[in-house]
Structures are given as structure tokens and as C-alpha cells.
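Below: the structure, in C-alpha cells.
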Amino acid sequence: QVQLVESGGGLVQPGGSLRLSCAASGSRFSIPAMGWYRQAPGKQRELVATINSIGRTNYADPVKGRFTISRDNANDTVYLQMNSLKPEDTAVYYCNAQARVTPARVDNYWGQGTQVTVSS
């Protein structure tokens, strides 16, 4: 069982920056991949960025060049550095982890979400 706790959300003006953090805890063998997703009111949850255990990253087109995902050395924490924020980035941001709970099985885990609001 893995728990994910996000932090770092808040209110920021357009053009500003925020850094989100997600710390993983609990019993697991490894976490092959972690990522960030977001959901705006009335819209479907969408991918923001992912990173695997060797540091390979993937970004959704709307955030390319503005957001950076990273992971600590122990693969216990994932970060999302968000720069040049736009009002359309406003959403609840969710941390996701694929955690290997047995040598042959991975389970999907989600954090509780953290609100990011970009507004003047």
C-alpha cells in the first residue's frame, strides 16, 4: 500500500511560478513511474507530465517548455516546477504513481489533489 501526499498548490498571478511536491510512503518494492494529472471544473482529468525510474519524461503539449517534472534520488518524491503560468492552467493537480507491490504486479495510486489557481 502506497500513500501519496501533494503540496505546493495555491493562488498565483498569470506569469508566476509554483512548485508542486508529491511524497510517496508505505510498502512497495519500487515505483516505476510517477506523474501529474490535472482536472479543471467541467473537464476530464488530463495528463500533465510523467517521469519513470530512470528519469525519462513526457509532457502534454500545453505545458511543454513551461513545466518541468523531476524525481529525487530515492524515487520517493516527484516535483512539478510550473513557470509562466496561465489562467488555463487552473485545475486540481493530482499526483499519480505506479507502484510495484509484488515482483509481478503494479498498482495505480493517486494523491488527494492540490488546487492551483492562476488569476489576477
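Given a 1.4 Å probe and heavy atoms of the protein chains only, how would you sort L11, L4, largest accessible area at the top?
L11, L4
Please calculate the 1.4 Å probe accessible area of E88, with all protein chains present, and give it to the nearest 10 Å².
Rounded to the nearest 10, the figure is 130 Å².
A60: net charge of surrounding residues, Cβ under 15 Å, Lys/Arg +1, Asp/Glu -1, itself excluded?
Local net charge: +2.
Taking the solvent-accessible surface of protein heavy atoms with a 1.4 Å probe, what is the per residue accessible area of the chain in Å²?
Solvent-accessible surface per residue comes out at 53 Å².
What order do D72, D89 take when sorted by accessible area (1.4 Å probe), most exposed first?
The residues order as D72, D89, largest area first.
Give me the net charge of P32's neighbourhood, meaning all other residues with Cβ under 12 Å from the Cβ of P32; Lys, Arg count +1, Asp, Glu -1.
The answer is +4.
Leaving ligands, DNA and RNA out of it, report the carbon-plus-sulfur percent of the accessible area of region 6-120 at a 1.4 Å probe.
Accessible surface attributable to carbon and sulfur in region 6-120 totals 47 percent.
Contour minus end-to-end for S84 and L11, with contour as 0.36 nm per residue of separation and end-to-end as the Cα-Cα distance?
Answer, rounded to one decimal: 24.9 nm.
The values are calculated or read from the model by the stated rules, or taken from the named source; none is laboratory data. None of these values were measured; they are calculated from a predicted model. So basically every Cβ, Gly included, is an ideal-geometry build from the backbone, and we count neighbours across all protein chains shown. Keep in mind that these areas ignore ligands, DNA and RNA; they rest on the heavy atoms of the full protein, side chains included. Shrake-Rupley method; radii C 1.70, N 1.55, O 1.52, S 1.80 Å.
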